[in-house]
1. Hey, residue A:969 hits all of (1) within 13 Å of chain B (Cβ to nearest Cβ); (2) surrounded by fewer than 16 Cβ atoms within 10 Å (Cβ to Cβ); (3) touching a Pro at 6+ places or on another chain (Cβ under 8 Å) but one; which does it fall short on?
2. Look through the range A:42-69, keep the residues that are out of contact with any helix residue (DSSP H, G or I) (no Cβ under 9 Å at 6 or more places or on another chain) and surrounded by 13 or more Cβ atoms within 10 Å (Cβ to Cβ), and return whichever of them is farthest from the other protein chains (Cβ to nearest Cβ).
3. Inside the range A:786-804, can you point out the residues that are surrounded by fewer than 18 Cβ atoms within 10 Å (Cβ to Cβ) and touching a Pro at 6+ places or on another chain (Cβ under 8 Å)?
4. What tally of residues in the range B:106-119 results from selecting those that are more than 13 Å from the chain's Cα centre (by Cα) and not in a strand (DSSP E or B)?
5. Return the total of residues in the range A:411-434 being open to solvent by 10 Å² or more (accessible area, probe 1.4 Å) and either within 35 Å of the chain's Cα centre (by Cα) or closer than 14 Å to residue A:381 by Cα (or both).
6. Among the candidates A:723, A:707, single out the residue that is open to solvent by 40 Å² or more (accessible area, probe 1.4 Å), more than 22 Å from residue A:814 (Cα to Cα) and touching a Pro at 6+ places or on another chain (Cβ under 9 Å).
7. Can you find a residue in the range A:876-886 that is assigned to a loop (DSSP other than H, G, I, E, B), open to solvent by 30 Å² or more (accessible area, probe 1.4 Å) and on the phi < 0 side of the Ramachandran plot?
8. Please find, within the range A:518-537, the residue that is farthest from the other protein chains (Cβ to nearest Cβ) out of those that are open to solvent by 40 Å² or more (accessible area, probe 1.4 Å) and assigned to a loop (DSSP other than H, G, I, E, B).
Amino acid sequence: MKGTPRKLILWMAGIVLCCAWLLTVPANAQTLRAPFLSYPFPKDAKAVLLGSWLQTQKLDDSAFLLGTIWATPEEKIIQQRKYDKLIKSIHQLHQSGDMLEDEKNGLSKVLDIFQPTGRVLIDGVDSRWLEANPRRDPKLLPHDHIEIPVRPAVIRVMGSMGDVCELTHTPSVHAVRYVQACFGNSAGPWAWIVQADGRVQKIGVSHWNQFERVLPSPGAWIWAPHQDATLPETFHQQWAAWLATQGVSDRLLLTNFPRLQQANTFSVKENAHEVSLFANRPEQYSASNWGYVGLVQTPTARMQMPGNFGVGMNTAYPQTHMNLFFQPLAWVEMGIRYSDVSNRKYGLTSFSGDQSYKDKSMDLKLQVANEATNWPAVAVGLRDAAGTGLFSSEYVVANKRVGSVDYSLGMAWGNMGGRGDICNPLGRVLGSSFDVRQNKVAGQGGIFSTTSWFHGPVAVFGGLSYQSAWHTEFKIELDGNNYLREPQGNHFPGASPINVMATYHWARGVDLNIGFIRGNTATVGISLFTDISRIYMPKTSDPPINAPRPLINNSPDWQTTITDLESHTQWDVQQISVDERAGKITVDFENAKTIYPQKRIDNAVAVLNRDAPTQIETFDFQFKATGDVLASQTIQRKNWTKSQSEPARSEEGFFQPPLNYEIGSPSQSNPIVQADDRQFTVDPGFDFSYVLQGPDAFVTYQVAGAVRTRARLPYGLQFASHVRLRLFGNDGDYKNTGSSQLPRVRTYMREYFVTSNLTLPALTLSKTSRLSQSFFASTYIGYLEEMFGGAGAEFLYRKPGSPWAVGLDMNHVYQREFSQYFHFRNYQVNTGHLTGYVQTPLDQVMASLSVGQYLAGDKGATLTLTKLFNNGASMGVFATKTNISAATFGEGSFDKGVFINLPFDAFMSRSSLLRASFNWRPLTRDGGAKLRRPVSLLNETSWLDPMVFSHNSLARPPNELSAPDDYVYE
Amino acid sequence: MTKVLKPGITLSGFFFYVLCLILFSCVLTACKSTDPSWHALKSLLSKPEPKLNPSFEYITVQFEGRTSRLALGYREFVQGKPLEHWYSGPGEMLEMLDGRVNKALGMTLEIRGNQGRPPAWESFGDARQTQVWTRVIDIMPGYRYGVEEEITTIKLSKENLPVQKTKYPKDAIWFQEQVITKDIDGKAQQFQQLFAVLNNRVIYSEQCFHENMCMSFQPDQQAAR
């Protein structure tokens, strides 16, 4: 009995301690599954690389390196902010009605246990591999934490109410199967897989979007919102990214989760062969005979990826279409087309010989609704909207996919709806005027005949395409066209409205088409396409980049430094100054064009890092144009070296020093090397000039040798010249001299083309200056372009870092003689424009509007819309309307066109500052013609563009050319 | 005389158009091959012939007619079997255990993990003796973790030696392996591997990452000793 009080006391003490412990444990305590290894680095720990540290650990096959957590205090602070934001957005979504009460409660409870971890994603965790890849080998510092889980045997699926379902991980079973097993028909159409290494992939899990063959790794999370969830896409991304911070899905015991869901089981045998689960998705939507994404002759509501540029030729007697199609935005498809009608003549034999009839046209298609579970993709489009109107049509079309079959159904007006088998529904709604269509070629062609759009009888069209597993797409359609009443009297009796086609995806970017149209006519074609926003070419021909390792060298050969700086950046070094007291080197760059500037700056730092004395801590780059420093960037040597030699300690990456626009006082440091101020450069090359669809030949071209020279003269003057010597071409057949009711400022093309073999297209003297922080001016004089010479000036207001600018140019020019030597013809004019430029908030689209007087003396405005892609490529449209009538303007009615612009750097194996441009206008006329000025202040001041880095970076290599850790999932 | 393909388009004109289209497309797409297996290890194998440092050991890797050499970083012995780490200039790594590819990292196709107990070369007795064993590998990309492979290893008799391998020492012992595995959809696929062993060291092998991606490995003489 003696022991009893003592026992009682011990029991009571135990109970009190337990209670005390329970009180101290927060409500959101997590019960962790025991990891394989968990090591918090103490505050006095020495820095060590992960690769080396792993070698000191005893790892066996049960250690799951893919799920390794490297947690840093820096990232934990950032995650805390994201955590707060996530909580806030849950409350906001609930208040706005986008989140159900159950979802709010469930997700809030999950967040209670999913606290910030500080996890930074890392690449292939293997000690020996990390050693050879120091840039990917994390440096472990005091307070860091490494956790390696035991290889998980499960994956977990989380629904939008925070309901969690656990399934055994089975190799070769796709993510969609786990979602179905957990949530069955209540699963929504999309899911996000959060792999054990923290990478996130979005997949479709419905019958209409189920393409991606994605296997979840052991320990993956799948975020699978329920069908009735109305959460926005941004929330899903945020939530999936948060799950990625939490490590493998079985890191916490299942009992931690407030709401568990029982999964239906599936047997491995049943899933041994998963092919039938997935639809075959075309690698890229294929083009129709008319160039737009579609079936055989008819369009569909599908769109290419933004940045797509396709060229194609399809022929079906008597028509051959050569199509150029662009996809500037995800919901906008544009195209231009040359059509050849081989059984009709271009014109009188005396005018165009035996050449067959040619027609050009422009198309536009807009996707107005995306496909969803219970809703098709819908598009509205115009065919031949601004040509002669020969094939003009309007249409509305919808597409819905079921497995590998894509169904389309639409109705068309005009040529495409020629069968006219139903009344125009718009006639009942908007009035009987819509029942009749004026089938006339509108005036000089080229205008948008809006008064006939969606007018007249309507035909139903549609069909289906089946994507087979053998790289071939089979298409069948009901055509809305009436081939008994084709334009130009081209009638085809006995024609069937059923068309069929097979499209073979021969290689990426190459489709071959073969089929039958009208039931009796074979059609063949080829389509080539590429995504200009993703063009990537490794720079294998560039000189090797210096190792980012400083060498002890206090007496560098600065001349070598300048040579290397210039060869690695293609920028001109004006001078290098050293301020030893401040430990700073300043490099002044001239001609620093902003093509992939970050890459060039990195190269410059690598050269300086190699050559600069060890006491130099800062590199300052000054980018000069318009006779002044437009921007500068200061780079801390130590930080840069760090960024090149180890991974960042947070997901925000390394600090990128911003551009500095403030004009400081001139550097007090002494220039140690100065380049010759009178730099003279000579660029020999070739010019290719062409005219499309003239009456003499479809393509008239000329190849010439060209020499361009450039010199910097005293007082900030710039000299430039361009000499051209014709080598060969078929321009000898160019006979048609054209005609115009306006002063012939552009239509003397033939004369400028053929009069002389040796020409001087440009010889100019110019000067650009900065008048104040935001005002710039330029003046120029000389032979400004092939057709005009004279003098002019431009003023630009552009606030550094501002998304808008305003410019004014004024010129007095004389028309040059056809031989392009030194004389002028008897025509002179004042021309100039007030131009506003703005970067719109709409999906990286830049707009400019010019108002003023054009070369022919006509007055009006030009609107240009340019879609900018991150890799520096751009595509856009322009249109000019002036105060002359369509009849005076001539064929085409007003000036318009499309263009593509691409840095050579995107597709050449050697770095370059050049750009490739493709400009197309249906017809060159005299109305709305602008002077091609030798200086553009907007380009000269591109360092002031707030998007100078983000819109100008080298595209990353495609996934199939990358190591798996470098994949980007979209 | 110009051949007429059809009214309005001459044959030469047609070819001119097609040529323009192909050239234009090639420029824009950089004429890339689309076969994923061709891309695999491309970065490893497409480099020009490097100057070899005589103080290093190298292994020659051949894949679709391309040759590359990797330098030996480490060699250690695990239960008497050599575990070697070979590196390329861009940081790709091959881990070979007893002459078999155990891991491949930094490449377009990676083997991240490999759990298996292959039979020792010396455990085979007479020719034509067969041993069946399994391994579980982790493959990237695609997070194909836990892929089970059944491997049948056969010691070849002298009469059944592979043709065109006469340049290897006559006393080398040849092994052939039949690997049965699954693709990403769980569909069965199989391929063959080949090993030449001399003094219990692999002096030449042909091994596959999957059905359409096989390559040969040959350590230089110093490494094979």
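1. (3)
2. A:45
3. A:801, A:802, A:803 - these are the residues of the range A:786-804 that are surrounded by fewer than 18 Cβ atoms within 10 Å (Cβ to Cβ) and touching a Pro at 6+ places or on another chain (Cβ under 8 Å).
4. Number satisfying all stated conditions: 4.
5. Result for the range A:411-434: 3.
6. On the way: A:723 fails: more than 22 Å from residue A:814 (Cα to Cα).
Going through A:723, A:707 in turn, the sole match is A:707.
7. Just the residues of the range A:876-886 that are assigned to a loop (DSSP other than H, G, I, E, B), to begin with: A:883-885.
Among the residues that remain, those that are also open to solvent by 30 Å² or more (accessible area, probe 1.4 Å) are: A:883, A:885.
So of that shortlist, the ones also on the phi < 0 side of the Ramachandran plot come out as A:883, A:885.
Within the range A:876-886, one or more residues are assigned to a loop (DSSP other than H, G, I, E, B), open to solvent by 30 Å² or more (accessible area, probe 1.4 Å) and on the phi < 0 side of the Ramachandran plot.
8. A:519
The values are calculated or read from the model by the stated rules, or taken from the named source; none is laboratory data. Small disclaimer: the values here were computed from a predicted structure and weren't measured. Note that each Cβ is placed from the backbone with ideal geometry, even for glycine, and that neighbours are counted across all protein chains shown. The area values use the complete protein model at the heavy-atom level, side chains included, leaving out ligands, DNA and RNA. Shrake-Rupley method; radii C 1.70, N 1.55, O 1.52, S 1.80 Å.
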